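The values are calculated or read from the model by the stated rules, or taken from the named source; none is laboratory data. The structure displayed is predicted, hence computed values, not measured ones. Cβ placement follows ideal geometry from the backbone for every residue including glycine, while neighbour counts extend to all protein chains displayed.
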Ligand SMILES: [Zn+2]
(Lines give C-alpha, C1' and ligand atoms only; values in the text may rest on other atoms or scores of the structure.)
Protein backbone atom coordinates (compact mmCIF):
# COMPACT_ATOMS: atom_id res chain seq x y z
CA UNK A 1 0.00 0.00 0.00
CA UNK A 2 1.38 3.39 -0.97
CA UNK A 3 1.29 5.77 1.98
CA UNK A 4 2.72 8.87 0.34
CA UNK A 5 4.71 10.34 -2.51
CA UNK A 6 7.59 12.76 -2.34
CA UNK A 7 7.99 14.84 -5.46
CA UNK A 8 10.91 17.08 -6.35
CA UNK A 9 11.97 19.05 -9.40
CA UNK A 10 15.51 19.07 -10.81
CA UNK A 11 17.34 22.01 -12.36
CA UNK A 12 16.10 21.05 -15.86
CA UNK A 13 12.50 21.14 -14.70
CA UNK A 14 12.01 17.37 -14.63
CA UNK A 15 9.87 15.95 -11.88
CA UNK A 16 11.09 12.99 -9.83
CA UNK A 17 8.84 11.03 -7.54
CA UNK A 18 9.68 8.63 -4.75
CA UNK A 19 6.98 6.48 -3.23
CA UNK A 20 6.79 5.39 0.39
CA UNK A 21 5.22 1.96 0.34
CA UNK A 22 4.06 -0.17 3.24
CA UNK A 23 4.12 -3.93 2.76
CA UNK A 24 2.90 -6.87 4.76
CA UNK A 25 4.64 -6.95 8.09
CA UNK A 26 4.64 -3.17 8.54
CA UNK A 27 7.76 -2.97 6.40
CA UNK A 28 8.29 0.35 4.76
CA UNK A 29 10.13 0.88 1.52
CA UNK A 30 11.18 3.90 -0.46
CA UNK A 31 10.87 3.34 -4.20
CA UNK A 32 11.96 5.77 -6.87
CA UNK A 33 9.95 6.24 -10.06
CA UNK A 34 12.88 7.72 -11.98
CA UNK A 35 15.39 4.92 -11.39
CA UNK A 36 15.57 1.44 -9.86
CA UNK A 37 16.28 2.71 -6.38
CA UNK A 38 14.51 0.71 -3.70
CA UNK A 39 15.37 0.64 -0.05
CA UNK A 40 13.83 -0.68 3.09
CA UNK A 41 13.49 1.94 5.80
CA UNK A 42 12.55 1.60 9.44
CA UNK A 43 12.05 5.29 10.17
CA UNK A 44 12.32 8.71 8.55
CA UNK A 45 11.11 7.35 5.21
CA UNK A 46 10.52 10.89 4.09
CA UNK A 47 14.12 11.90 4.78
CA UNK A 48 15.39 8.86 2.90
CA UNK A 49 13.17 9.67 -0.08
CA UNK A 50 14.21 13.32 -0.13
CA UNK A 51 17.93 12.60 0.21
CA UNK A 52 17.72 10.09 -2.66
CA UNK A 53 15.95 12.60 -4.92
CA UNK A 54 18.45 15.24 -3.85
CA UNK A 55 21.60 13.12 -4.31
CA UNK A 56 20.66 10.99 -7.31
CA UNK A 57 18.48 13.35 -9.31
CA UNK A 58 19.60 16.80 -8.17
CA UNK A 59 15.99 17.54 -7.25
CA UNK A 60 14.72 20.07 -4.75
CA UNK A 61 11.52 21.85 -3.76
CA UNK A 62 9.96 18.72 -2.35
CA UNK A 63 6.26 18.20 -1.98
CA UNK A 64 4.61 15.47 -0.05
CA UNK A 65 1.37 13.98 -1.22
CA UNK A 66 -0.57 11.60 0.98
CA UNK A 67 -2.58 8.73 -0.42
CA UNK A 68 -6.09 10.17 -0.08
CA UNK A 69 -8.09 6.93 -0.18
CA UNK A 70 -8.40 6.02 3.51
CA UNK A 71 -9.02 9.63 4.54
CA UNK A 72 -11.84 10.09 2.03
CA UNK A 73 -13.54 6.88 3.19
CA UNK A 74 -13.17 7.92 6.85
CA UNK A 75 -14.59 11.36 6.05
CA UNK A 76 -17.66 9.92 4.32
CA UNK A 77 -18.22 7.45 7.17
CA UNK A 78 -18.07 10.34 9.65
CA UNK A 79 -20.59 12.37 7.61
CA UNK A 80 -23.01 9.44 7.45
CA UNK A 81 -22.66 8.95 11.20
CA UNK A 82 -23.42 12.63 11.89
CA UNK A 83 -26.40 12.46 9.55
CA UNK A 84 -27.94 9.55 11.45
CA UNK A 85 -27.13 11.13 14.81
CA UNK A 86 -28.83 14.37 13.79
CA UNK A 87 -31.82 12.49 12.44
CA UNK A 88 -32.31 10.44 15.59
CA UNK A 89 -32.24 13.62 17.69
CA UNK A 90 -34.98 15.23 15.63
CA UNK A 91 -37.51 12.49 16.31
ZN1 LIG B 1 15.94 7.63 -8.21
Requested in this report: Could you tell me whether region 57-79 includes any residue that is assigned to a helix (DSSP H, G or I) and at pLDDT 95 or above?
Outcome: yes
Report summary line: Of those in region 1-16 that are in contact (Cβ under 8 Å) with a residue 12 or more places away in the chain and more than 14 Å from the ligand (Cβ to nearest atom), the residue farthest from the chain's Cα centre (by Cα) is 11
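Residue by residue, here is whether (1) touching a strand residue (DSSP E or B) at 6+ places or on another chain (Cβ under 7 Å); (2) surrounded by 10 or more Cβ atoms within 10 Å (Cβ to Cβ) holds:
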site: 23; (1), (2): yes, yes
site: 33; (1), (2): yes, yes
site: 44; (1), (2): no, yes
site: 51; (1), (2): no, yes
site: 54; (1), (2): yes, yes
site: 58; (1), (2): yes, yes
site: 65; (1), (2): yes, yes
site: 86; (1), (2): no, no
site: 89; (1), (2): no, no
Query raised in the report: How many of the residues in region 37-82 are within 16 Å of the ligand (Cβ to nearest atom) and under 20 Å from residue 23 (Cβ atoms)?
Result: 11
Report task. From 19, 39, grab the single residue that is outside any helix (DSSP H, G or I), surrounded by fewer than 16 Cβ atoms within 10 Å (Cβ to Cβ) and touching a strand residue (DSSP E or B) at 6+ places or on another chain (Cβ under 8 Å). Result -> 39
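Go through region 57-90 and give me each residue that's more than 13 Å from the chain's Cα centre (by Cα) and touching a residue at least 40 places away in the same chain (Cβ under 8 Å).
Here is the first cut: in region 57-90, the residues more than 13 Å from the chain's Cα centre (by Cα) are 57-61, 72-90.
Matches in region 57-90: 57, 58, 59, 60, 61.
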Requested in this report: Those residues that are near the ligand (Cβ under 10 Å from one of its atoms) and under 17 Å from residue 3 (Cα atoms), I need them from region 17-36; list them, please.
Outcome: 17, 18, 30, 31, 32, 33
